[in-house]
Structures are given as C-alpha cells and as structure tokens.
Amino acid sequence: MARLDIAIWPGSGSFFPGDTPFGLYDTDTVFQSDADKVAEFSAKKLGYPITDIEMQANQFFACFEESVTEYSAQVNQFRIRETMLDVKGFSTGSSFTGKEITPTLGPQIAIAENYGTEAGSGGNVAYKSGSISFVADEQDYDLQKLWAKDNENGNRLVITRVYYEATPAITRFFDPYVGTGVGSQQMLDGFGFGNYSPGINFLLMPVFADALRIQAIEFNDQIRKSAFSFMLRDNQLKIFPRPEKNDAGTKLWFEYYVEADRNNPLRSNDNGIAGEGVISDYSNVPLTNLTYSEINSVGKQWIWKYAAALAKELLGAVRSKYGTIPIPNSEVSLDGATLKSEAASEKEQLITQLRETLEATSRQRQLEMKREESENLQQSLNRVPLKIYIG
Amino acid sequence: MPLFSGARDISLFEKLNEELINSVIQTEIFFYKLVLDETGDNVYGEGTDKRYYAGIKLPTLVDRSNQQYVEEAYGVDLQQAAVFSFLRKEFTKISLVPEVGDIIEWDKAYFEIDSMVDNQIFGGKDPDYSLAGGMHGSSHSIICTTHMTRMSRLNIEDVRYGNEPSDYDFPKGI
C-alpha cells in the first residue's frame, strides 16, 4: 500500500534562501535569521508544543514573506496617497523607496498652465502666427482652407487674435511736443515763447489730453468712415471694408494655436516623449518592497504579529478542509473555522492600526498637530501670572 | 482520481488522530497476543492452558459499560463489557494482527476480544484493495468488542501474588 507521511512542524525550522514562494527577501541576512524565529514564534502562538501544528516550516516562511510584503504595501500605499500630486509626471526611472519626497508646486502649475493657454499668458501650448492674402473685392476667407490645410495638416485652428485694424491713431497725431495743432500756440505766443523752434513746447500738457485726442481720431474713423472690423465664426473670417484692387496681395496676419495641441492630455517627459516614462497613476509610482533589515523595531513587531495571524489563517485552512475527521469508532470536529475567523479579525486589527498610524504621520495631520500644540501652548502661557511692574 | 481523501489528507488525519489518542487522551492498554503453538488444548479442542506473547502497550479509546454482578450457580460473578477502538495504523506499524481471543489488559482487568470490526473506511476506499489506487482512502480503525475475563485462566499474572518478581518467581503464562 502506497502511503504518504507528510511531516508537520517539528518544533524548529532552518531557513535557507529559496524557501519562500517569491524569494523577495531571501538574501537579506536579517530576514534569514528572523525567519526561523518567526516560525517558532508563530507555532508557539498557535499552541506548540502543547498541541501539534499541522504546518511545515516553509509555510511559516511564506507567511513571514507575505507579512513583510504586506507591510511594504501598506507603507507604499500611504506614500503614494501622500505624494501623488507631487510625483505625478515625474520620471519613473529611479525608485522613491527610502527617499524623502519634497513637495513641489509643479503639478499645480501644470494645471494652471491650461488657463494660461486660454488666457494667452503663458501656458504649455504653442501660439503660432499665420497669414492670408487679400483678394480684391473678397470679404470672406476660410482660415481652415487657406492656412490650416497646408500648414497644420488640416487640424482645427483656434484663432486668438486677428491683426486687422486701422492704423493707430497716434500715427495721425501731430507730435504733441511740437505744440502746434493743439490750440495752445496763441497762448504761447502771448507768453513770448512762440518764436522758438516748433519742436519745443514749453507748455506742460496732461497725458489725458493726448488720450482724448487719440480717442477722438478713432471715433471719427469708426463713425464717419468705414472702420476696420471683422467677424470670425467657425474660422470663417469676414472682413470689412471690402478689400479694394490695390489691397490685393496684402497679408492679413493672425495668431492661433492648434486645437489638438491644447486638447492633448499626454505631456512630454524630460526626453520629449509625450506621456511615456513618467508617473501616470498609482500603478507606476516607482516604489519597491522595503528592505527587511532596514525596517525599524516598530515595523518588525507588526510584521511578526501579522505573520502569526497569517499562520493561524493557514492552519485554519488546513483544519477546515474537512469539517469533521474520523477517529476510531467516531469522529471529531476541528477548529479550522474558528482559527480562520480569529485570524481574519487579527489581520484586520493590525491593518487598521497600521493605517491609522500612517495617517497620523501624514503631512496634513502633522501640521494639524503642530497647530494644536501651538494653540494649546499659547493657552497655557496665557494663564501664567504676569509680574506687576513697579517703577 | 478522487479529489478528496487523498494520501495527504489521510496523513493529516493520522497526525490528528495520533495527537488526540496518543497525546491528548493517552489511554493505553497492554495487548497480549495469543501464542497458539504454545497453547495446550483438551480433547474438545478447548484451550485449557493459554499462552500469550509479552504485552505491547497501545493507545486506544475505551467505551466501557458498568460492572455487573450476576448471580451464578457458584455465586456472584463480576462481568463487564468494553469496546476498545484502535487506530489501525498502530497495528500496521508493528505488524501485529489482532484476532478474536487476544487479551487486552486495562484498568486492573483483562478483556478477551469477542469480535472485531475493521470497517471504518474513509472515502469509501481501503487503499489496500481500492481500484482507484493506493493513494486514496483509508481503513481507519479496528474496533474490538470484549468482555472481562478471569485472570486465572490467562496465566499472564499470578492471581494470588501478582507479577512482582520479588514476590513470586517468573515466568508464568507469558
């Protein structure tokens, strides 16, 4: 008769690299020495040597490895939550594990750049200039057809400015410093200053006088003449007045950006590759498992307790494959379900405790604590009696 | 191939049984195997002078009835029935085959096996005979139904003096 005699926990283990499923920490000498101790600790927590433990050393080592990995995952999850805004868009090339991440304003500014683009002040989309040539007697110009087709692969343009306006009024304004044409010459003559060079005006004129005069010129153009104006709808430009024969060939310039550039959500990284090689989300923040030997005593204590809970869960699984097992002339119930239930509760408690501790170390909570400390200190100091100064 | 009751599971059962019976409960008996060749008989084939191999200590589970005092023609007789349930592995690992007529010593008394049940087959398969192969199922136990027998018929222990060497000279029925 073929039989198997599956060995169970003999009371001690002897860890050797390769004994864990993933081998994540097998080369860490501190992990190696602690593996045997954690196995013994877990077995004793489960009742050994009073009761047999139907597990093998490798199973304890697997629990230990999982426990360290769970601790790493919890710490790394917290770091991602804490720093996601700061690290998003940064290169994935180097690991953040064990390194301090300094907050930056980069991501906030990146968000603000979109507004800058729309406002035409900064932003991260290239503003370009284009031109069309007037055709005599033609008022309508299709900018998509006349410019985008050949220069922007037909992409839709967003026109931000059209340089189609009258000549600045100042060019038709006599030099205000000359003094002529402003109705003051006679007065200057009265003072005896009229014989000086016309390029010199001894009368101090307020600047609003110039502004009013320029405004008068522009109003005159708009109301009494054919003022320059245009209308832009769906990148169809309609200009007024109608170009005349001698206007043909004259260029009309405009400023624009390509709508696809504005809507492109993929940012260029340091190498100029849009959206690649940078931290995009939770999944590619470059954080690795922690180095076991570098975890402090607080963390190690958590890991050992979690490993013991995992071992209990595993033993529960072993003992609950069969609800009852035969004994001679009868049968007995095993405690697998109870073990699993207890282990689940212990695991949950440990995870909750770790998360709460991590949250308490968050930047926000630390600042709140500092503020509370400061306020409390101030309140305490307020109750200190002040000396009465006697002069 | 059945998914349950594999050799690994059986190994687990045996470990748990051994822990329960050998360590937790730890009720132990002496099992005396009858030596047929050395046992004399009368003209009727009755064993009048029984001989036994030395007792072997085995763990077991005991289900005993109360002692009964029965009025016989010769006077009051003490009777007691008991069921001894053994893990079958305990016999196979020492290559001992229990049979009707063997004696179990327990609680200052000797019990003769009247009948045996070897029928607690887990998973419906005895690996020794299973068509599914030897890696599934288990013949788990041997249950011996016994009655208390007279010490004087066994020649195992001196009825009057006991087996203490300083009190009495060995050997006797063993």
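The values are calculated or read from the model by the stated rules, or taken from the named source; none is laboratory data. Given the structure is predicted, the values throughout are model-derived calculations rather than measurements. Don't worry about glycine lacking a Cβ; one is built from the backbone with ideal geometry, like all the others, and counts go over all protein chains shown. Areas reflect the complete protein model, heavy atoms only, side chains present, ligands, DNA and RNA absent. Shrake-Rupley method; radii C 1.70, N 1.55, O 1.52, S 1.80 Å.
Things worth noting here:
- If you take all other residues with their beta carbon under 15 Å from the beta carbon of residue A:225, and give Lys and Arg +1 and Asp and Glu -1, the sum is -1.
- Residues of the range A:317-366: accessible area per residue with a 1.4 Å probe, Å²: 58
- Averaged over peptide A:3-14, the number of partner chain Cβ atoms lying within 10 Å of each residue's Cβ comes to 3.
- Taking the C-alpha atoms of chain A, convex hull volume expressed per residue in Å³: 411
- Shape of the range B:25-68, Cα gyration tensor, a/c cut at 1.5: oblate
- At 1.002 mPa s and 20 °C, Stokes diffusion of the range B:12-115 via Kirkwood alpha-carbon radius, µm² per second: 138
- Cα centroid separation, the range B:1-79 to the range A:122-162 (Å): 105
- Those GluC sites (Glu not before Pro) in the range B:17-48 that DSSP places in a loop and that have at most 10 other beta carbons within 10 Å: B:46
- Shielding of A:220-231 by partner chains, average beta-carbon count, 10 Å: 0
- Whole-Hz couplings from phi, Karplus 6.51/-1.76/1.60, listed for the range A:24-39; x for Gly and Pro: 5, 10, 4, 8, 7, 5, 5, 4, 4, 6, 6, 4, 5, 5, 5, 4
- Take residue A:318: with every protein chain present and a 1.4 Å probe, its accessible area is about 40 Å².
- For the range A:343-391, the fraction of alpha-carbon pairs in successive 10 Å shells from zero, as %: 22, 23, 21, 17, 10, 5, 2, 0
- Amide hydrogen neighbours beyond the local backbone of residue B:52, cut-off 5 Å, H modeled: B:35
- Debye log10 I(q)/I(0) for chain B, one point scatterer per Cα, at q = 0.10 Å⁻¹: -0.49
- Principal axis dimensions, largest first and in whole angstrom, of the range A:40-190 by Cα: 122, 52, 20
- Loop-located chymotrypsin sites (Phe, Trp or Tyr not before Pro) in the range B:101-153 (DSSP state not H, G, I, E or B) with no more than 12 neighbouring Cβ atoms inside 10 Å: B:129.
- Inverse mean reciprocal Cα-Cα distance (Kirkwood Rh) of the range A:291-384, Å: 17.2
- Computed on the Cα atoms alone, the convex hull of the range A:228-307 gives a volume of 206 cubic angstrom per residue.
- Amide H contacts under 5 Å for residue B:106: B:111, restricted to partners 5 or more places along the chain or on a different chain, H placed in the peptide plane at 1.01 Å from N.
- Potential lengthening of the chain between residue A:115 and residue A:95 amounts to 4.0 nm, from the contour at 0.36 nm per residue minus the alpha-carbon distance.
- Projected label distance in nm at residue A:301 and residue A:342, using a 7 Å step from Cα toward the beta-carbon: 2.2
- Most mobile listed residue (A:350, A:252, A:266) in chain A, GNM with C-alpha springs under 10 Å: A:252
- Amide hydrogen neighbours beyond the local backbone of residue B:27, cut-off 5 Å, H modeled: B:60
- Distance (nanometres) between label positions extended 7 Å along Cα→Cβ at residue A:253 and residue A:142: 2.7
- Spherically averaged projected area of the range A:1-129 from its Cα convex hull (nm²): 14.8
- Largest mean-square fluctuation among A:366, A:32, A:74, in a Gaussian network model of chain A whose springs join Cα atoms under 10 Å apart, belongs to A:366.
- Residue A:365/residue B:119 FRET efficiency (R0 60 Å; Cβ-Cβ; nearest 0.05): 0.35
- Loop-located GluC sites (Glu not before Pro) in the range A:99-176 (DSSP state not H, G, I, E or B) with no more than 16 neighbouring Cβ atoms inside 10 Å: A:100, A:138, A:165.
- Counts of other chain beta carbons within 10 angstrom of each beta carbon in peptide B:138-145 average 3.
- At q = 0.16, 0.17 Å⁻¹, base-10 log of I(q)/I(0) for the range A:278-330 (Debye sum, equal scatterers on each alpha carbon): -0.75, -0.78
- Rounded to the nearest whole angstrom, the semi-axes of the ellipsoid equivalent to the range A:218-356, taken from the Cα gyration tensor as √(5λ), stand at 80, 20, 15, largest first.
- Evaluating kT/(6 pi eta Rh) at 20 °C and 1.002 mPa s, with the Kirkwood radius of the range B:97-143 over Cα pairs in the Stokes-Einstein relation, gives 173 µm² s⁻¹.
- Nearest-0.05 FRET efficiency for residue A:124 and residue B:151, computed from C-beta distance (R0 60 Å): 0.05
- Computed E for residue A:226/residue A:105 - FRET, C-beta separation, R0 51 angstrom, nearest 0.05: 0.50
- The alpha-carbon atoms of the range A:201-269 define a convex hull whose volume equals 264 cubic angstrom per residue.
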